[in-house]
Amino acid sequence: MSDTQETEGKQRNVKRFMFLNRKAPYGTIYALESLEVVLIGAAFDQDVSLVFVDDGVYQLKKGQQSKGIGQKNFSPTYRALEDYDVEKLYVERESLEARGLTAEDLLVPARVLGAAELGALMEAQDVVLSF
Amino acid sequence: MSDTQETEGKQRNVKRFMFLNRKAPYGTIYALESLEVVLIGAAFDQDVSLVFVDDGVYQLKKGQQSKGIGQKNFSPTYRALEDYDVEKLYVERESLEARGLTAEDLLVPARVLGAAELGALMEAQDVVLSF
Amino acid sequence: MKFGILVNEGPYQHQASDSAYQFAVAALARGHQIYRVFFYNDGVNNANKLTEPPQDDRNITRQWSALAAEHDIDMVVCVAAGMRRGIKDELLAPGFHISGLGQLIQAGIEADRLVVFGD
Amino acid sequence: MKFGILVNEGPYQHQASDSAYQFAVAALARGHQIYRVFFYNDGVNNANKLTEPPQDDRNITRQWSALAAEHDIDMVVCVAAGMRRGIKDELLAPGFHISGLGQLIQAGIEADRLVVFGD
Amino acid sequence: MSVLHTTNKSPLRTRDLESCLRLSRAGCGILLLEDAVYGALKATSAGAKIEEAAKDRRIYVLGPDLAARGFTPEQLVAGVAVVDYGGFVDLAAEYHHVQAWL
Amino acid sequence: MSVLHTTNKSPLRTRDLESCLRLSRAGCGILLLEDAVYGALKATSAGAKIEEAAKDRRIYVLGPDLAARGFTPEQLVAGVAVVDYGGFVDLAAEYHHVQAWL
């Protein structure tokens, strides 16, 4: 990494990127295309967080079976994020509770944060990508 | 009309068409493109009603000045509807009240109906076009 | 029974076109007729023949074209909405054709039911 | 200051592209730089050179092209989102070019601010 | 038969379902499809409203949309019926007209 | 400076503003643009929430969007500032980053 710094003649640029996901899957494409950005973004060695708020928490719901609507079930890709070293997944507690869900309903481990903590996390970012 | 009936060899087909408008203008195109359907539809001599519910009532708000957002102010077209013999405009009372508006805030005369009456009107339609 | 279908959203971004397609397939399977599918608002983007989604995804445009060919369905792309969004004759996939909004009203008059899919 | 802009919706259907354009114009008027405008999701439809809205309406695609020409702005259409929606090289209006999602991340890294416009 | 109302937005995101319930009448049908299926889950606050509405209206949920989102019919409130696309077509034919709450 | 939040949906239609208010913090800025400008009107129920939020957050309304929709700054709740696109740019530069509530 220090090689890169010297080559570029400046401090290596690591920013805190947050992907803010607030929409349900399948009804719109945002969940899927957000995930596609995350996968590409993983190659850039930035500090990446994925946040699931409101209906975005439904993206991580276990047991999705989308054959009947003619769409591909892309939810297994969330499980592959670990292989891309994307490991910071956060879910808002209030959003889960409003939907009667718990961390056990989710297909990947995600840290559950209350609104106050999550708000602080949002404030600590450099770049927020919303879909 | 009876000429037409004889020519076509069947009873003339007059249906009750309702245009259901529930979205604010400018933020999305639905209000404008709904109005374009109404203008074309007027030539078909059907029984046409326009209904404004929820944020749709904002479509009729007086005083729209859209130059600053680079969009055309299309609200004067609602005033032209009369020339097309489109005269049945309905606004839901509950939607107006939730927005602190009265019939005086609207740029065209529209009949204000409570939810119960409007629900009955909806039931009496043959075709509902939603945008 | 004769169904008319109105599609107000483009492919992929919203589920509207998928739902409309599934509805049409099911209606035909039930022995009903599709009088016309009218594409309006961003719905006109469904007619773009250049669409090429990933191999493991459905090609919505091609699905509509195939259904129209098999069942001789009239698929109309609104000329005004299409002009606004750059969907013109040279871009149309098989089975789609461009016409005026009158075709939508006509569908409302002639079909027994008009079913709207949008956002 | 260097701004990056992300546009997630197509022209006309939503105000997102209009707002993004007005923001870009204002930023340039303030002496800022637009590092890149990235078109993603239905935002890729902004690049369609065939768009031809009514004469009394703005032509959003042409507005972007003119702004890019005047200020030498990099306008990137996402290749994957574009393929999915049929926005390919042959359809691109002047100033737009197709590239990968890496260009969006790069904009996040290089620009001082990334501002997102969508629905 | 009266109207078949359709609504396709999550009631946790938009207020479409509220308006549909306010303006629909006894005897009508309401079909929840796409993201609207979340509204009929026991676990959400919308569920109680749907259960109440089911007393004088017929509530339908599009099964393929429910399954896509990882839920099962058992997780729906009482009094709602699950249909597939063929069932949707049957309903559209059965009611006098179809009204979408977009 | 902390975050500039932006929200563009009418709070009478979606719940985006609620989430923005729930998750934003004291000292941040919130810019209402496009259809979100309706939320800052005195006449709507959202207005009271905005007025409350204005106590520890800076609330901005995009003037051109307000005018397009036929309303004037006088019709906004107390404590909100009206900005034009240039003002939006200034805010985006002033705050540490911009977060859109889509």
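What is the minimum Cβ-to-axis distance for chain E, in whole Å, where the axis maps E onto F, and to which residue does it belong?
Spelled out as residue then distance in Å, it is E:Thr14, 2.
Which net charge results when you count Lys and Arg as +1 and Asp and Glu as -1 among the other residues whose beta-carbon is under 15 Å from that of B:Glu117?
+1
Give the Rg/Rh ratio for chain F, taking Rg as the radius of gyration of the Cα atoms and Rh as the Kirkwood radius, to two decimals.
Ratio of gyration radius to Kirkwood radius for chain F: 0.92.
Fewest to most neighbouring Cβ within 10 Å: what's the order for D:Met1, D:Met75?
D:Met1, D:Met75
Using amide H atoms built 1.01 Å from N in the peptide plane, name the residues 5+ places from F:Gly27, or on other chains, whose amide H lies under 5 Å from its own.
F:Arg57, F:Arg58
Residues in region C:59-99 near a label at D:Asp89, defined as backbone nitrogen under 20 Å from the 7 Å Cα→Cβ point?
Flagged as within label range: C:91.
Can you work out ³J(HN,Hα) from phi for every residue in region E:35-42, in order, using Karplus 6.51 cos²θ - 1.76 cosθ + 1.60 and θ = phi - 60°, giving whole Hz and x for Gly and Pro?
Per-residue couplings from phi come out as 5, 5, 4, 4, x, 9, 6, 3 Hz.
For peptide F:31-39, how many partner chain Cβ atoms fall within 10 Å of a residue's Cβ, on average?
For peptide F:31-39, the averaged partner shielding equals 4.
Report the label-to-label distance for D:His71 and C:Lys2 in nanometres (one decimal), using points 7 Å from each Cα along the Cα→Cβ vector.
The answer from the label model is 5.3 nm.
List the residue from chain B whose beta-carbon is nearest to the axis that rotates chain B onto chain A, together with that distance in whole Å.
B:Thr28, 7
Just to confirm the numbers: E:Thr72, label point 7 angstrom along the Cα-Cβ line, distances to the other copies in nm, shortest first?
E:Thr72 label point versus its equivalents elsewhere: 6.2 nm.
Select from D:Ser17, F:Leu62, D:Val116 the residue farthest towards the positive end of the dipole of the protein assembly as shown; place +1 on Cβ of Lys and Arg, -1 on Cβ of Asp and Glu, and compute about the Cα centre.
F:Leu62
Just name one of E:Val98, E:Pro73, E:Ala46: the one whose Cα is farthest towards the positive end of the charge dipole of chain E (beta-carbon charges, Lys/Arg +1, Asp/Glu -1).
E:Ala46
Under a Cβ-only charge scheme (Lys and Arg +1, Asp and Glu -1), can you give me the dipole magnitude of the protein assembly as shown about the Cα centre, in debye to the nearest 20?
That gives the protein assembly as shown a dipole magnitude of about 700 debye.
What is the ratio of the Cα radius of gyration of the protein assembly as shown to 2.2 N^0.38 Å, where N is its residue count, to two decimals?
Cα-based Rg divided by the globular estimate yields 0.91.
DSSP beta bridges in chain C, what fraction antiparallel, as a percent rounded to 5?
Just about 5 percent of them are antiparallel.
State, as an integer percentage, the relative contact order of region B:3-130 based on alpha-carbon contacts under 8 Å between residues 6 or more apart.
For region B:3-130, the relative contact order is 31 percent.
Name the residue from A:Met122, A:Leu50, A:Gly68 whose Cα lies farthest towards the positive end of the charge dipole of chain A, charges +1 on Cβ of Lys and Arg and -1 on Cβ of Asp and Glu.
Value: A:Gly68.
So for chain D, Kirkwood radius off the Cα pairs, Stokes-Einstein at 25 °C and 0.890 mPa s: how many µm² s⁻¹?
177
Write down the percent of antiparallel bridges among all DSSP beta bridges whose residues are both part of the protein assembly as shown, to the nearest 5.
10
Indicate, rounded to the nearest 5 percent, the antiparallel portion of the DSSP beta bridges found entirely in region A:3-130.
The antiparallel fraction comes to roughly 5 percent.
Can you give the average number of partner chain beta-carbon atoms within 10 Å of each beta-carbon in peptide A:54-64, as a whole number?
The mean count of partner-chain Cβ atoms within 10 Å per residue comes to 4.
Which of C:Phe3, B:Phe74, C:Phe117 has the fewest other C-beta atoms within 10 Å, and how do the rest follow up to the most?
B:Phe74, C:Phe3, C:Phe117
Where Lys and Arg each count +1 and Asp and Glu each count -1, what net charge lies around C:Asp57 among other residues with Cβ under 14 Å from its Cβ?
+1
Starting from a label point 7 Å past Cα on the Cβ side, list the distances from B:Glu104 to the same position in the other copies, nm, shortest first.
Copy-to-copy label distances at B:Glu104, shortest first: 6.0 nm.
For E:83-90, what's the mean count of beta carbons from other chains sitting within 10 Å of each residue's beta carbon?
Neighbouring Cβ atoms belonging to other protein chains average 6 per residue here.
Can you give the charge dipole size of region B:3-130 about its Cα centre, rounded to the nearest 20 debye, using +1 on the beta carbon of Lys and Arg and -1 on the beta carbon of Asp and Glu?
With Lys and Arg at +1 and Asp and Glu at -1, about 520 debye.
Hey, got the dipole for region C:8-80? About the Cα centre, +1 on K and R Cβ, -1 on D and E Cβ, debye to the nearest 20?
So the magnitude is around 160 debye.
Show me the ranking of peptides B:93-100, C:48-55 by mean Cβ neighbours inside 10 Å, starting with the highest.
B:93-100, C:48-55
Within region E:74-102, which residues have the backbone N less than 18 Å from the label spot 7 Å out from B:Asn13 along Cα→beta-carbon, could you tell me?
E:93, E:96-98
Can you show me the helix-derived [θ] at 222 nm for the protein assembly as shown, built from DSSP H runs with n ≥ 4 at -39,500 (n - 2.57) apiece and divided by the number of residues, rounded to the nearest 500.
-9000 deg cm²/dmol
Can you list the copy-to-copy distances for A:Tyr84, using a point 7 angstrom from Cα toward Cβ, in nanometres, shortest first?
Those label-point separations list as 4.7 nm.
Would you tally the net charge around E:Ile50, using a Cβ to Cβ cut-off of less than 12 Å, leaving E:Ile50 out, and scoring K and R as +1, D and E as -1?
Charge balance near E:Ile50 sits at +2.
Seen from all sides and averaged, what is the projected area of the convex hull of the Cα atoms in region B:3-130, in nm²?
8.6
Read-outs: derived from the displayed coordinates by stated rules, not from any lab. On a predicted model such as this, the values are computed, not experimentally measured, just so you know. Because the Cβ atoms are built from the backbone with ideal geometry, glycine has one as well, and the counts that use them run over all protein chains shown.
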